[in-house]
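Below is one structure, written out as structure tokens; the observations come after it.
Here, each number is a calculation from the coordinates, and none is a lab measurement. These numbers were taken from a predicted model, which means no experiment stands behind them. With ideal geometry, Cβ positions are generated from the backbone for all residues, glycine too; neighbour counts draw on all protein chains shown.
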Amino acid sequence: MTIDEFISFIRSEFPADRLTYQKGIPTFHPESADEAAKYFQLLNKHKLTTYVTSFGNNIDPVGERFTDMVTIRTDRLNQLIEVAPGDLYITVGVGYPLREINQHIAGDNLYFPHSALPYVGSVGGALAVNLTAELNGHDLPIKKYFIKAGIVLPTGEIITPGSVCFKSVAGYDIVKLFAGSWGLLGLIVTATFRVLPTTVAHEYESMRQKKIDRARFLSGLVPANTDTDAVYSRKVKDKFDPNGVLPIV
């Protein structure tokens, strides 16, 4: 199936407004996990690829490499879904602007450190790059607060790894794998974060955003890199995306 044929097929399977053109690139805008899952299932069926993007941040597609694919954009997954002051967590759609979180949870006396950074982008974009700050000489990555997610895998399966509990079952915290994955392991649809009471916000006044380093992550996916971490990264990528629906571009 050609890209033009796939575009016509997408228009026949989803509401008309789900497909737009961004910078000349055909772009699918899911409004739910189910729509995103169906989209990925179609990609697998027709042996096509896609690229995850948000709204004008560090993972937006640029150039001719993207002309032969439909990208998928998270901008309509932008709801503040749940605020739980008693349990100190919030759940948002990944298209939600990161810097607006504190504005909307301050009334509940809650504070999210990374919302105070000068990052202009979505929650999904911040997770994709594992947005990291420096505080008192130590790194403070956003994945420290990332405790649960709704994720559509490249195969079209929906999973919800993680827990809102302060103490959960022992074992590897799978949800953390998706922070810093640059959208190559799947599409995060919703994200749940541990938040703090506003009474401790002053402790983060010296926090500064660190430079985002895409090359460091992608170098681990290059076959020529035989470091242990690089080999493990490729195994994880192959596990979640066996058909190469989310290629490295």
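Structure values in brief
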{"read-out": "Vicinal HN-Hα couplings computed from phi for the stretch 26-42 (Karplus, 6.51 cos²θ - 1.76 cosθ + 1.60; Hz; Gly/Pro x)", "value": "x, 9, 9, 10, x, 10, 7, 5, 5, 5, 5, 5, 4, 4, 5, 4, 5"}
{"read-out": "Under-5 Å amide H pairs with Leu131, H placed in peptide plane, nonlocal only", "value": "Ile142"}
{"read-out": "Dipole magnitude of the stretch 80-214, debye to nearest 20 (Cβ charges: Lys/Arg +1, Asp/Glu -1, about Cα centre)", "value": "280 debye"}
{"read-out": "Residue order, fewest to most beta carbons within 10 Å, for Val249, Val164", "value": "Val249, Val164"}
{"read-out": "Set of aspartates and glutamates with alpha-carbon distance to Lys237 below 13 Å, sequence-local pairs under 8 removed", "value": "Asp229"}
{"read-out": "Overall form of the stretch 1-142 per C-alpha gyration tensor (a/c, 1.5; a/b vs b/c)", "value": "prolate"}
{"read-out": "Amide hydrogen neighbours beyond the local backbone of Val189, cut-off 5 Å, H modeled", "value": "Gly150, Ile151, Val152"}
{"read-out": "Of Gly93, Gly180, Gly24, the one that fluctuates the most in a GNM where the chain has Cα springs shorter than 10 Å", "value": "Gly24"}
{"read-out": "Acute angle (nearest 10 degrees) that the helix 228-240 long axis makes with the longest principal axis of the chain, alpha-carbon atoms", "value": "60 degrees"}
{"read-out": "Theoretical FRET efficiency, 1/(1+(r/R0)^6), r = Cβ-Cβ of Phe9 and Asp238, R0 25 Å, to 0.05", "value": "0.35"}
{"read-out": "Under 5 Å, built H, 5+ apart or other chain: amide partners of Leu110", "value": "Thr198"}
{"read-out": "Selection from Ala149, Thr20, Val231, by position along the positive dipole direction of the chain (Cβ)", "value": "Val231"}
{"read-out": "Order of Met1, Met207, Met69 - criterion: other Cβ atoms within 10 Å of each residue's Cβ, fewest first", "value": "Met1, Met207, Met69"}
{"read-out": "Calculated FRET value between Glu100 and Ala230, using beta carbons and R₀ = 30 Å, to 0.05", "value": "0.25"}
{"read-out": "Rounded tilt (10° steps) of 3-13 against the dominant C-alpha axis of the chain", "value": "70 degrees"}
{"read-out": "Footprinting exposure proxy for Thr190, Thr199 (fewest neighbouring C-beta atoms within 10 Å first)", "value": "Thr199, Thr190"}
{"read-out": "Semi-axis lengths (Å, descending) of the ellipsoid that matches the C-alpha gyration tensor of the chain", "value": "30, 21, 17"}
